[in-house]
Structure formats: C-alpha cells, structure tokens
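Below: the structure, in structure tokens.
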Amino acid sequence: MTWQPRLRLALLIVAVVVLQTTVFSSGLRVFGVTPDLGLLLTIAVACALGSERGAAFGFVAGLAVDLFLSTPLGVSALTFALVGYGAGIAQSGVLRPSRWATPMMGALGGLAGGVLFVGIAAVAGWEALLSLASVRVIVIASLYDALLAIAVFPIARWATRTPQGGDRTWLRSSTVQP
C-alpha cells in the first residue's frame, strides 16, 4: 500500500471520530442509540484489504475511539481488531458478493463488535454492561450499522484503492534481466 491510501485512511479515522463524537452522539440517534462508525469503517476496510490489514486498521481506529470513551483504554481497540480480522476472513470466503452482502456484513460485524465490546469491558471490570439494556443497544446499533454500511463501504473502497500506476513492483519481477 502506498502513502496515499494510508493518508486517506488516517483522515477517515479522524472524520469518523469527529462524526461519532459530535453529530451522531448529539442528534442522529435511533431509539437513543448511535451507530458505531469506527467499527463499521473497520469492517469495510477489512473487506477491501483482508484480515491482517483489517485487524491493524481496526486497532488504530479503535484506539482513536477509545480516547473519547469512559471505558478502559484499549477495549475498542481490541474489539475493532478482532472484528476486522474476522470480517477479512469472512469476506475472503464469499465467492459471489450480492447486493445484500454489504448491509449483512455491517449488521453481523456490528453484532459481533457489540458482543465483544461488552465481553471485553466486563473482563476489564465494567460488569455493569452485562445487562438486557446492552442487548437492546447492540441490536439497534447493528441495524443502524447495516443501513450506514451502504454509504461507508464505497468510501472505504475509495480510500483503499491505489492510485493509477500504483505499486509497480510486479513489473520489475516479471521483466527478463539480460
């Protein structure tokens, strides 16, 4: 990956954190629940770049989100990394993506991320999250993530594409040296 996609992904992390902490947390709630934009972006990047890069991106995005939460530092980072890895593996197993694949990945990733976040936070000492209210929040957020996936996945594909004439290392290896 060249520096341009990395820069675009870094700017997307900043944009997602700003949107999550301002617009969605104050006004765009559905039944009092906000979507998890950082997790959704992680899923989209993992689907575009694979499991290892998805996990690395998820860790960085989760760490950026963790800076604005009151939960222990690293819970979102670990959650996003695990979901990014899983989404990359799941995407590699899909032979023919359908038009429903994007919202399904958003919903399933949101469910997995919510369950992992609650479980990891509980292990870290936040047992208060182990409640039926958390189940309600996870389900609504995953449905919200499924709807937003339709917009987030194309943005992630744009951010992860290499520029025209991108990495040409394959040219060097395929030419015959005299």
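Read-outs: derived from the displayed coordinates by stated rules, not from any lab. Predicted model only: the values in this text are computed from it and were never measured. Here Cβ is always computed from backbone atoms with ideal geometry, including for glycine, and neighbour counts include all displayed protein chains.
Some observations on this one:
- Whole-number percent relative contact order across the chain, with pairs defined as alpha carbons under 8 Å at least 6 apart: 28 percent
- Considering only Val123, Gly58, Ile155, the residue lying farthest towards the positive end of the dipole of the chain is Ile155, judged by Cα position with unit charges set on Cβ.
- Ellipticity at 222 nm from helices only: DSSP H runs of n ≥ 4 in the chain, each -39500 (n - 2.57), divided by the residue count, give -23500 deg cm²/dmol.
- For semi-axes √(5λ) of the Cα gyration tensor in Å, calculated from these coordinates, the label among (1) 31, 17, 16; (2) 44, 17, 13; (3) 29, 19, 12: (1)
- Rounded to the nearest 20, the size of the Cβ-charge dipole of the chain about its Cα centre is 620 debye, with Lys and Arg at +1 and Asp and Glu at -1.
- Cα-projected label distance for Arg136 with Trp3, points at 7 Å along beta-carbon direction, nm: 5.1 nm
- Helix 132-160 vs. the chain, principal-axis angle (Cα, 0 to 90°, nearest 10): 20 degrees
- Restriction of the chymotrypsin sites (Phe, Trp or Tyr not before Pro) in segment 83-153 to DSSP coil positions whose beta-carbon has at most 11 other beta-carbons within 10 angstrom yields Trp100.
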